Amino acid sequence: MGQRGVAFKDTERHDILSMQGIKQSYDGGRTWIFNDLNFLVERNPGVGRFIAILGESGCGKSTLLRYASGIQAPTEGTIRIDNDRVVEGFENPARHKIGLVFQEYANFGWSDVLQNVMQPLLYRGVEKAKAKTRALKMLEAVGMSGQEEKYASRKMLSGGQMQRVAIARSLIYEPELLFLDEPTASLDYKNSFAIQMILNKLWEQRQSTFIMVTHDIDAAVFLADTIYIMAKEPGRFAKKIVVPLPDHRDMQTVLSQRYSSIVNQVKQMMLQV
């Protein structure tokens, strides 16, 4: 697979996500959001992957997540998760393999926190007592123990708490892929960093694949093992940065000279795209 800017080499490793020949036009082909875009993410057994996608507004970052989750279909092209072809709508066979966290805190405000997190398991037919036990453990993992009976609404929870509930709900059924669409965009620095720490811990524990779209360069460097920078007109992957940091990251990481150097490097590359 290849394209202008970044070439994706298909090795013997299992392809967990592939996009081939993606084209998108909203005006019958007069202009193209994407024109033959390719993207490949291979499984990294025993470690997992955390990929961050950066780029200016309008380059199509969030659109890629909508494609991969079956919310939207491209004008042309093929998307696969594992061996399943992703299709738009409820009949998407890959939907049970993915989780999606939005920046808008997409919780069920008419239900309490515990019911919100249990819901994906109940939908899959898991017995209620088992679902409750797993939900309580998941809430503990995201720092929400003791909040189970509160309604998952902005009247009862802060923005950071709302996002923790969304992350817990998206991960409780252990999806192979977790998509994160600007997960810290609406948070202050303290809550944003708390969410980043939770995501890093969960990634370490689960060793699965996380793909995050963001404008936050600091968060991208803190969380990702690989960063892609997109350009637009048409949208494409212009730069790739392998982040030379250990998998476990904390405040000492943020205070390190290496981290600051990588952030500055990514900022320079963003301006050059």
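Among the strands (runs of 3 or more DSSP E) contained in region 76-184, which hold 1 or more residues that are modelled with pLDDT under 90 and open to solvent by 10 Å² or more (accessible area, probe 1.4 Å)?
Details: elements: 76-81, 98-101, 177-181.
In region 76-184, 98-101 are the strands (runs of 3 or more DSSP E) which contain 1 or more residues that are modelled with pLDDT under 90 and open to solvent by 10 Å² or more (accessible area, probe 1.4 Å).
Can Ala220 be described as under 20 Å from the mean Cα position of the chain (by Cα), within 25 Å of Ser186 (Cβ to Cβ) and among the small types (Gly, Ala, Ser)? Write out each step before concluding.
Values: under 20 Å from the mean Cα position of the chain (by Cα): yes; within 25 Å of Ser186 (Cβ to Cβ): yes; among the small types (Gly, Ala, Ser): yes.
Considered against the rule, which asks whether it is under 20 Å from the mean Cα position of the chain (by Cα), within 25 Å of Ser186 (Cβ to Cβ) and among the small types (Gly, Ala, Ser), Ala220 comes out as yes.
Among the residues of region 27-38, are any more than 21 Å from the chain's Cα centre (by Cα) and under 16 Å from Arg80 (Cβ atoms)?
No, region 27-38 contains no residue that is more than 21 Å from the chain's Cα centre (by Cα) and under 16 Å from Arg80 (Cβ atoms).
When region 187-203 is examined, which residues are found to be closer than 17 Å to Leu177 by Cα and either open to solvent by 30 Å² or more (accessible area, probe 1.4 Å) or not in a helix (DSSP H, G or I) (or both)?
Once the filter is applied, which keeps residues that are closer than 17 Å to Leu177 by Cα and either open to solvent by 30 Å² or more (accessible area, probe 1.4 Å) or not in a helix (DSSP H, G or I) (or both), region 187-203 yields only Lys201.
Tell me, please, whether a residue that is free of Cβ contacts under 8 Å to residues at least 24 places away in the same chain and buried (at least 20 other Cβ atoms within 10 Å of the Cβ) can be found in region 38-51.
Looking for residues that are free of Cβ contacts under 8 Å to residues at least 24 places away in the same chain and buried (at least 20 other Cβ atoms within 10 Å of the Cβ), one finds none in region 38-51, hence no.
Looking at region 209-230, can you tell me whether even one residue there is touching a residue at least 40 places away in the same chain (Cβ under 8 Å), of a type in the set (Ser, Thr, Tyr), in a loop (DSSP other than H, G, I, E, B) and surrounded by 21 or more Cβ atoms within 10 Å (Cβ to Cβ)?
The first filter runs over region 209-230 and keeps only residues touching a residue at least 40 places away in the same chain (Cβ under 8 Å), leaving 209-215, 217-221, 223-230.
Filter once more, so that each one left must be of a type in the set (Ser, Thr, Tyr): 209, 214, 226, 228.
Pick out the ones that are also in a loop (DSSP other than H, G, I, E, B) and you get 214.
From what is left, the residues that are surrounded by 21 or more Cβ atoms within 10 Å (Cβ to Cβ) are 214.
Yes, the conditions are met somewhere in region 209-230.
Just one of Asp188, Asp181 is within 15 Å of Met162 (Cβ to Cβ), touching a Leu at 6+ places or on another chain (Cβ under 8 Å) and among the charged types (D, E, K, R); which is it?
Numbers: Asp188 fails: touching a Leu at 6+ places or on another chain (Cβ under 8 Å).
On inspection, the qualifying residue turns out to be Asp181.
The values are calculated or read from the model by the stated rules, or taken from the named source; none is laboratory data. Predicted model, so just to flag it, every value in this text is computed and none were measured. Heads up, the Cβs are rebuilt from the backbone with ideal geometry, glycines too, and the neighbour counts pull from every protein chain shown. For accessibility, only protein heavy atoms count, side chains too; no ligands or nucleic acids. Shrake-Rupley method; radii C 1.70, N 1.55, O 1.52, S 1.80 Å.
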